[in-house]
Amino acid sequence: MDKDEKRKSARPVILGTGLFAAALGIAGAVWLSNGGAVASTCPVRADAAQAIDDAATGELAALLPSSQWRDYSDIAFQDADGNPVTLADFAGKKLLINFWATWCAPCREEMPFLDALQARYGGDDFEVVAISLDIGSDGPDAAAQFLDEIGAENLALYADPSYELFERLRNEAVTLGLPATVLVDDQGCEIAVLQGPAHWDTPDGHRVVETLLEI
C-alpha cells in the first residue's frame with residue numbers, strides 16, 4: 001500500500017496546529033426534534049468524487065468524497081433580510097456550504113479562512129455559502145454581529161434559526177456536529193463532506209476548490 005492509499009484508508013482527523021488540531025473536540029450539535037426532509041438522489045458522479053478525494057490532502061485530508069449522491073438543491077434557509085432562500089437559487093455555481101454557529105469555537109476560528117476563500121474564488125462559478133445555525137429569532141442578528149466583529153467583508157449572511165437544516169443533515173448521517181462543510185456541484189448535488197474545521201485559505205484548500213471548479 002503506497003502513501004496515498006494509507007492516507008485514504010486512515011483518513012486522520014488532524015487538520016493543523018492550534019485549535020484545528022482539536023477538531024476531535026468539535027462542538028456537539030444541540031439536537032432538536034423539528035423534522036426535516038429526506039434528500040433525493042442525484043446521478044452518480046464517481047469521477048468527480050474521486051477527483052476531490054485525490055485533491056484532498058494535508059489540511060483537507062479529512063474531506064470525504066460522497067458515496068450517497070444526495071440532492072440538496074431544495075434545502076431552505078434565509079438571507080440577511082429574512083427572505084427565504086434555497087440552494088436552487090444558486091444553480092449554475094459550485095458551492096462550499098458551511099454550517100456554523102457563534103457558540104461553536106472552531107466555527108469562529110474557521111470563518112476568516114472562509115471569508116478569504118470567498119474573496120479569492122467567489123464569482124459567477126463559485127460561492128462560499130456559510131449558513132448560521134444560531135437558534136431563535138435573534139440568531140441571525142448574533143451571526144451578523146460576529147461577522148462584523150471579525151471584519152468578514154466577503155461572506156453573505158445566511159441563517160437557519162429553526163435548526164431544521166442541521167437536523168436534516170444529522171438524520172441523513174451527513175455530519176455529527178459543527179462546523180460541517182458540504183461541497184456541491186452546480187446542480188446542488190453533494191460531492192464531498194467535511195466534519196470539523198479546516199484551514200481553507202491554504203494551498204490545500206485552494207487545490208480542493210480549484211478541483212471542484214474543474215469537474
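The values are calculated or read from the model by the stated rules, or taken from the named source; none is laboratory data. Source: prediction; values computed, not measured. Methodologically, a virtual Cβ is constructed for each residue, glycine included, from the backbone with ideal geometry; neighbour enumeration extends over all protein chains shown. For accessibility, only protein heavy atoms count, side chains too; no ligands or nucleic acids. Shrake-Rupley method; radii C 1.70, N 1.55, O 1.52, S 1.80 Å.
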Being open to solvent by 40 Å² or more (accessible area, probe 1.4 Å) and at pLDDT below 95 is the filter here; which residues of the range 125-137 pass it? ILE135, SER137
Considering residues of the range 63-80 that are in contact with a strand residue (DSSP E or B) (Cβ under 6 Å, 6 or more places away or on another chain) and among the aliphatic types (A, V, I, L, M) only, the residue farthest from LEU212 (Cα to Cα): ALA76
Only one of PRO140, PRO161, PRO197, PRO203 that is more than 16 Å from LEU95 (Cα to Cα), open to solvent by 50 Å² or more (accessible area, probe 1.4 Å) and touching an Asp or Glu at 6+ places or on another chain (Cβ under 9 Å): PRO203
Pick from HIS206, HIS199: which is under 17 Å from GLU110 (Cα atoms) and in a helix (DSSP H, G or I)? HIS206
Return the pairs, sorted by first residue and then second, in which the second residue is in a loop (DSSP other than H, G, I, E, B) and of a type in the set (Asp, Glu), the first residue lies in the range 95-121 and is free of Cβ contacts under 8 Å to residues at least 60 places away in the same chain and open to solvent by 10 Å² or more (accessible area, probe 1.4 Å), the beta carbons are less than 6 Å apart, and the residues are 6+ apart or on different chains. THR102/ASP134
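Taking the options LEU147, LEU155, name whichever one is open to solvent by less than 50 Å² (accessible area, probe 1.4 Å), assigned to a loop (DSSP other than H, G, I, E, B), under 16 Å from PRO112 (Cβ atoms) and touching a residue at least 24 places away in the same chain (Cβ under 8 Å). Talk me through it step by step, then tell me what you get.
Details: LEU147 fails: assigned to a loop (DSSP other than H, G, I, E, B).
Exactly one of LEU147, LEU155 is open to solvent by less than 50 Å² (accessible area, probe 1.4 Å), assigned to a loop (DSSP other than H, G, I, E, B), under 16 Å from PRO112 (Cβ atoms) and touching a residue at least 24 places away in the same chain (Cβ under 8 Å), namely LEU155.
Within the range 166-187, can one find any residue that is touching a Ser or Thr at 6+ places or on another chain (Cβ under 7 Å), outside any strand (DSSP E or B) and open to solvent by less than 10 Å² (accessible area, probe 1.4 Å)?
yes
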